[in-house]
Amino acid sequence: TGTHPTTQLSLELMEKVFDGGQKTEDGGKSSVYGHPSSVIDVGCGSGILSIAAIKLGADTVLGVDIDEESIFNSRENADTNEVEGELVFGVGSVEEILDGKFPLRKAPLVVANILAPVLIRLFEAGMAELIEDKGVIILSGILQEQEQNVIEAGQAQGLRMNERIQMGDWVALTMSRLTD
């Protein structure tokens with residue numbers, strides 16, 4: 001339904017990315033993509049973030065989840081929101097995307113609203129490789145006390161911290177690829 005704080009935080013950060021990028025700690029912009037043409041939603045759940053990406057202006061969105069029921073629900077929600085034709089949903093995760101089992105292997109915007117321990121495992125599985133150069137990843141589903149572990153996992157994959165927002169005990173982050 002989009003009422004959970006982690007979903008709301010993700011949507012807030014997505015709107016910022018689609019509005020022309022986010023300021024980095026050094027005052028620059030985290031993305032050259034004013035409107036990311038494509039988005040990868042890792043752990044798409046009910047498809048809310050995938051649907052929002054289309055409504056915000058993405059041309060193509062890939063939503064993956066390891067739960068077949070989630071994929072069914074995502075397709076149903078996309079049909080309800082009349083965006084189904086612009087979305088690709090499939091059972092899988094980072095490994096299947098990197099293996100080329102879906103139409104996208106990289107995107108200027110990647111979103112993952114999953115619990116922190118899973119985000120860390122996904123970084124170890126290569127999730128940072130899904131982000132195009134100068135692209136951004138939005139991470140949510142993070143409890144405040146787990147935030148530093150997620151940041152360190154992203155930094156270990158060559159990402160830099162851009163922005164942090166919080167609602168209650170929940171935190172969402174954006175990180176981007178380091179560029180020369």
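Kirkwood analysis of region 81-134, using all unique Cα-Cα pairs, places the hydrodynamic radius at 12.3 Å.
Can you divide the C-alpha Rg of region 52-180 by 2.2 N^0.38 Å and report the result to two decimal places? Compactness ratio reported: 1.05.
Tell me the per residue accessible area of the chain using a 1.4 Å probe; a whole number in Å² is fine.
That works out to 46 Å² per residue.
With θ taken as phi - 60° and the Karplus curve 6.51 cos²θ - 1.76 cosθ + 1.60 applied, the whole-hertz 3J(HN,Hα) list for region 168-174 is x, 8, 8, 10, 10, 10, 10 Hz, x standing for glycine and proline. Give me the percent of the accessible area of region 40-91 that comes from carbon and sulfur atoms, probe 1.4 Å, all protein chains in place. On region 40-91, the fraction of accessible area on carbon and sulfur atoms equals 44 percent. Once you list every other residue whose beta carbon is under 11 Å from the beta carbon of residue 45, what net charge do they have if Lys and Arg are +1 and Asp and Glu are -1? Here the charged neighbours net out to -4.
Each Cα pair under 8 Å and six or more residues apart adds its separation to the average, and for the chain the resulting relative contact order is 23 percent. Lys pairs in the chain, Cα-Cα under 14 Å, at least 8 apart or on separate chains: how many? Within the chain, the lysine pair count is 5.
The values are calculated or read from the model by the stated rules, or taken from the named source; none is laboratory data. Keep in mind it's a predicted model, so treat the numbers as computed, not measured. Positions of Cβ are backbone-derived with ideal geometry, glycine not excepted, and every protein chain shown enters the neighbour counts. Please note that ligands, DNA and RNA were not included when accessible areas were found on the heavy atoms of the full protein model with its side chains. Shrake-Rupley method; radii C 1.70, N 1.55, O 1.52, S 1.80 Å.
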